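Trainee: I'd like to ask some things about the structure below.
Read the figures in this text as sums done on the coordinates, not as results from a lab. Predicted model only: the values in this text are computed from it and were never measured. When we count neighbours, we look across all protein chains shown, and the Cβ atoms used for this are built from the backbone with ideal geometry, even at glycine.
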Ligand SMILES: [Zn+2]
Ligand SMILES: [Zn+2]
């Protein structure tokens with residue numbers, strides 16, 4: 001997983017399949033759970049620097065300088 005770009009859709013689909021196939025949840029319930037988990041995961045991957053707010057993927061090695069043009073963030077804030 002390290003160094004790989006975060007794919008929200010892939011994660012979403014994996015969670016839905018997991019709950020439907022392995023836990024026998026209804027499609028609606030599995031979708032609701034996937035939405036909650038993916039939203040939390042996205043939030044976790046956003047820089048908390050108010051002037052940045054870019055994703056972890058925009059930061060060098062997910063924690064150093066932000067690569068977005070005209071953003072001065074130098075360190076990913078969790
Ligand atoms: Zn930034
Ligand atoms: Zn940042």
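Okay, residues lined up against (1) free of Cβ contacts under 8 Å to residues at least 40 places away in the same chain; (2) near ligand 2 (Cβ under 8 Å from one of its atoms); (3) within 23 Å of residue 9 (Cα to Cα); (4) surrounded by 11 or more Cβ atoms within 10 Å (Cβ to Cβ):
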site	(1), (2), (3), (4)
42	yes, no, yes, yes
45	yes, no, yes, yes
50	yes, no, no, no
57	no, no, yes, yes
64	yes, no, no, yes
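Trainee: Restricting to the stretch 61-72, give me the number of residues that are assigned to a loop (DSSP other than H, G, I, E, B), under 14 Å from residue 50 (Cα atoms) and in contact with a helix residue (DSSP H, G or I) (Cβ under 9 Å, 6 or more places away or on another chain).
Mentor: Count: 1.
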